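Taken together, the values in this text are just the output of simple stated rules run on the coordinates, not laboratory data. In this text the structure is predicted, and so the values were computed from the model without any measurement. When we count neighbours, we look across all protein chains shown, and the Cβ atoms used for this are built from the backbone with ideal geometry, even at glycine.
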Amino acid sequence: MITNLIELTKLRIAFLVLTTTVIGFYLGQQGIQSPELLLYTLLGTLLCSAGSSVLNNVIEVETDAKMNRTKDRVLPTKKISLFTASFLGTLFIGFGLAILFEKVNTLTSILAFCTVVSYLALYTPLKKVSWINTSVGAIPGALPPLGGWTAATNSLDPGGWILFFILFFWQHPHFYSIAFIHKEDYARAGLKMLPVVKSGKMTALHIFIHALILIPISALPFFFTIEGAGSIYLVGSYLLSNIYMLCCLPFILEQNEKNAKLIFKTSLYYFILLFFIIVADVQFQ
């Protein structure tokens, strides 16, 4: 049962969400001045993320059943009932929002609510309508670091929005590479992902554009003099973003699964390394 719940709540995705939330909190508070506040922020965010993933699985149960990569998930195989999953997902989100509202601040709870709604009510159904779904889905995907910032500052400052845009542009190569790797599966399920409805060259173009834009965007925290984003951050983020872009080049030259997997693997390390660069910058200041 525990294994089924872990799969249902997509804890691997939650880990990325929590990592970016910590980055936002860390930069917003110029370190971790209030561990208790961070704990409540992470707990509320984790519950909202887990609940959203559960309800996403409920909404897409028929789609998942048609795809090789998802047909063995707990809902298509009926290891957990749709009623139980719907109840748990709603419960998690409710508790998560309540924790953020009561223990963190109203602004952060509103952002979390917007994340849940945009993910479930906009991105999820749009996957069957238009390839633009990836860009729409990048919005709730980019809100966690902004939520971490507002948890620390209780304000929507430029620094928080910069973190939002860094994650927004980072996501496109990441998810386009996944869509390319599994394009046959997506096509079978009737999902309008970019590699399904457009050519591989068009996918490569979008990957390149977003990876290229990420380079100057990732440097903005330094120029906005955000604490924790000094010279070490500037050099480190610039190098990381360029490496990310360079790892996209093989796919741009030749659209195949091997090159798409290179983008995917590189993207997974990007934010983890970025976080360590931020910590190192603070420690050496």
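I need the helices of the chain that pass two filters: whole DSSP H segments spanning 30 Å or more by Cα along the axis, and mean Kyte-Doolittle score no lower than 0.5.
Sorted by number, the helices that extend far enough and score high enough are 35-59, 158-181, 200-223, 257-284.
List, in the order given, every pair from Lys128/Lys261; Lys103/Lys265; Lys79/Lys103; Lys71/Lys103 whose Cα-Cα distance in the structure shown is over 31 Å.
The pairs that break the limit, which is 31 Å between Cα atoms, are Lys103/Lys265; Lys79/Lys103; Lys71/Lys103.
Where does each of Ser155, Ser49 land when they are ranked from fewest to most other beta-carbon atoms within 10 angstrom?
Ser155, Ser49
First check a/c for the stretch 128-265, with a ≥ b ≥ c the square roots of the eigenvalues of its C-alpha gyration tensor; if it is under 1.5, answer rounded, and if not, answer prolate when a/b is larger than b/c or oblate otherwise.
oblate
Please state the charge dipole magnitude for the chain, taken about the Cα centre, from unit charges on C-beta atoms (+1 on K and R, -1 on D and E), reported in debye and rounded to the nearest 20.
Its charge dipole is roughly 980 debye.
How much length, in nm to one decimal, is gained on full extension between Ile13 and Lys66, taken as 0.36 nm per residue of separation minus their Cα-Cα distance?
Result for the pair: 16.9 nm of gain on full extension.
Go ahead and set up a Gaussian network model of the chain, Cα springs under 10 Å, then flag whichever of Asn105, Asn56, Asn68 fluctuates most.
It is Asn68.
For the chain, what is the mean residue ellipticity at 222 nm derived from helices alone (per DSSP H run of n ≥ 4: -39500 (n - 2.57); sum divided by total residues; nearest 500 deg cm²/dmol)?
For the chain, the value works out to -25000 deg cm²/dmol.
Using r as the Cβ-Cβ distance of Val129 and Leu91, and R0 as 41 Å, what FRET efficiency do you calculate, to the nearest 0.05?
Approximately 0.90, to the nearest 0.05.
Among Gly236, Gly159, Gly190, whose mean-square fluctuation peaks in a Gaussian network model of the chain (Cα, cutoff 10 Å)?
Result for the chain, Cα springs under 10 Å: Gly190 fluctuates most.
If you take the charge dipole of the stretch 5-144 about its Cα centre, with +1 on Lys and Arg Cβ and -1 on Asp and Glu Cβ, which of Ile110, Asn56, Leu88 is farthest toward its positive end?
Looking along the dipole axis, the top candidate is Asn56.
In whole percent, what relative contact order does the stretch 1-137 give with Cα contacts below 8 Å and a gap of six or more residues?
Computed over the stretch 1-137, the figure is 26 percent.
In what sequence do Thr63, Thr21 fall when counting other Cβ within 10 Å, fewest first?
With the fewest neighbours first, Thr63, Thr21 line up as Thr63, Thr21.
Take the alpha carbon gyration tensor of the chain, find the square roots of its eigenvalues, order them as a ≥ b ≥ c, and report rounded if a/c is under 1.5; if not, report prolate when a/b exceeds b/c, else oblate.
oblate
With charges set only on the Cβ (+1 for Lys and Arg, -1 for Asp and Glu), what does the dipole of the stretch 157-285 come to about its Cα centre, in debye to the nearest 20?
Approximately 540 debye in magnitude.
Counting pairs of alpha carbon atoms under 8 Å apart in space and at least six apart in sequence, what relative contact order in percent does the chain give?
Normalised by residue count, the contact order of the chain is 20 percent.
Going by Cα centres, the stretch 19-37 and the stretch 177-201 are how many Å apart?
One Cα centre to the other: 37 Å.
Size of the dipole of the stretch 1-154 about the Cα centre, Lys and Arg at +1 and Asp and Glu at -1 on the beta carbon, nothing else charged, in debye to 20?
Magnitude of the dipole: close to 460 debye.
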